[in-house]
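Remarks on the structure that follows.
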Amino acid sequence: MPELSIRGHKFQVPAGSNLLSALQAAEQPISWSCRAGQCQSCLVQAPAQAVPEAAQRGLTPQQQAEGWLLACQCSVEQNMQLTLHDPASDGLPAQIESLQHLPGDVLLLRLRPLRPLRYQAGQHLTLWLSPNLGRSYSIASLPTEKLLEFHLQLHDGGAFSSQIRRAEPGQLLYLGVASGHLCYDPAWHDRPLLLLARGTGLAPLQALARDALRQEHAAPIHLWHWSATEQDCYLQQPLRELADTSPSLQLHLRTRSQFDADLRALRIGSRNSLALLCGSPGFIEQLRRPLFMAGLAGRQIIDEAFLPPQLG
């Protein structure tokens with residue numbers, strides 16, 4: 001059986017075991033959240049030659065070269081010497097600049113990184129409040145802005161939500177590496193964009209829209225947002241102000257109860273359009289068929305699902 005070596009401990013596991021499950025069974029203090037390879041909170045490091053390719057999918061080339069892998073996506077087939085991810089030494093420190101509560105129990109969190117962070121508007125990264133508590137959130141700011149902005153949907157009883165509710169300006173937390181494909185491509189310059197989000201799925205799409213406008217996108221941009229409740233869009237005023245100065249940006253700020261009727265009435269102005277979707281997996285699946293029936297092929301639909309943490 002393959003042998004795992006970590007933090008001075010050695011133990012054997014059956015070949016083919018899931019690495020995250022094996023580390024949990026051995027009571028190793030590894031963080032995790034989605035178990036789907038998206039949140040990157042279960043990072044561990046191993047010698048590069050021992051890392052299965054599937055366990056590095058979605059990581060940056062630098063992370064891959066350094067032997068980082070996603071434990072939840074790793075099948076143990078050989079001996080592995082492992083190092084746990086330590087946000088304090090492996091992450092980027094950032095200071096809380098401000099916390100603002102918005103409608104719908106959304107927290108607008110602004111951070112000041114203590115070192116430069118490379119990212120593209122619309123990407124996501126892990127926020128670490130402690131070595132064992134990290135969650136992945138989309139970046140709502142632009143690389144040209146001094147502060148990082150995140151829109152956090154707070155959940156009653158959630159471990160991360162409970163701690164961030166008590167956070168104060170000046171407090172330090174740590175950032176993971178930015179990743180994700182939901183970014184504006186300059187090659188889209190003359191293609192109409194249809195941006196559709198529910199809840200805080202708005203965070204990356206409004207950043208993408210602002211980035212497109214900054215790069216003088218030539219075609220119309222239609223931004224649809226359905227609130228998670230019957231309240232108005234939590235970002236309504238800033239978006240209205242942006243649309244007032246950007247004629248190509250058309251806003252459709254709706255409530256949850258209007259979603260089904262809006263889907264039935266959905267029309268695509270141009271078959272050259274691109275649709276970018278962000279929200280829960282169920283929300284994204286509800287949009288696929290209406291978009292297809294409206295004339296968009298699968299390659300014209302780009303999505304990113306917000307997977308809920310399996311822990312609080």
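The values are calculated or read from the model by the stated rules, or taken from the named source; none is laboratory data. In this text the structure is predicted, and so the values were computed from the model without any measurement. Neighbour counts run over all protein chains shown; Cβ positions are idealised from the backbone, glycine included. For the accessible areas, the whole protein counts, side chains as well, though only heavy atoms, and no ligand, DNA or RNA atoms are used. Shrake-Rupley method; radii C 1.70, N 1.55, O 1.52, S 1.80 Å.
Has the stretch 255-267 got at least one residue that is surrounded by 15 or more Cβ atoms within 10 Å (Cβ to Cβ) and either within 20 Å of residue 138 (Cβ to Cβ) or of a type in the set (Ser, Thr, Tyr) (or both)? There is at least one residue in the stretch 255-267 that is surrounded by 15 or more Cβ atoms within 10 Å (Cβ to Cβ) and either within 20 Å of residue 138 (Cβ to Cβ) or of a type in the set (Ser, Thr, Tyr) (or both).
Can you say whether residue 104 is assigned to a loop (DSSP other than H, G, I, E, B), surrounded by fewer than 20 Cβ atoms within 10 Å (Cβ to Cβ) and on the phi > 0 side of the Ramachandran plot, as far as the supplied structure shows? Here the answer is yes, as residue 104 does meet what is asked.
Taking the conditions exactly as written (surrounded by 15 or more Cβ atoms within 10 Å (Cβ to Cβ) and over 19 Å from residue 305 (Cβ atoms)), does residue 204 satisfy them or not? Taking the combined requirement at face value, the residue does not satisfy it.
Take the conditions part of a loop (DSSP other than H, G, I, E, B), over 18 Å from the mean Cα position of the chain (by Cα), surrounded by 14 or more Cβ atoms within 10 Å (Cβ to Cβ) and not β-branched (Val, Ile, Thr) and apply them to residue 232. Does it pass?
Values: part of a loop (DSSP other than H, G, I, E, B): yes; over 18 Å from the mean Cα position of the chain (by Cα): yes; surrounded by 14 or more Cβ atoms within 10 Å (Cβ to Cβ): yes; not β-branched (Val, Ile, Thr): yes.
Judged against the criteria, residue 232 is a match.
Once the stretch 63-89 is narrowed to residues that are without any contact (Cβ under 8 Å) to a residue 24 or more places away in the chain and open to solvent by 20 Å² or more (accessible area, probe 1.4 Å), the residue that is nearest to residue 147 (Cα to Cα) is 89.
Residue check: is residue 38 open to solvent by 20 Å² or more (accessible area, probe 1.4 Å), closer than 30 Å to residue 182 by Cβ, modelled with pLDDT of 95 or more and not in a helix (DSSP H, G or I)? No. For the stretch 3-35, taking the residues that are charged (D, E, K, R) and part of a loop (DSSP other than H, G, I, E, B), the one that is nearest to residue 161 (Cα to Cα) is identified as 35. Taken over the stretch 102-156, the criterion of being over 23 Å from residue 228 (Cβ atoms) and among the charged types (D, E, K, R) is satisfied by 112, 115, 118, 145, 146. Among the residues of the stretch 48-101, not one is touching a Phe, Trp or Tyr at 6+ places or on another chain (Cβ under 7 Å), modelled with pLDDT under 95 and assigned to a strand (DSSP E or B).
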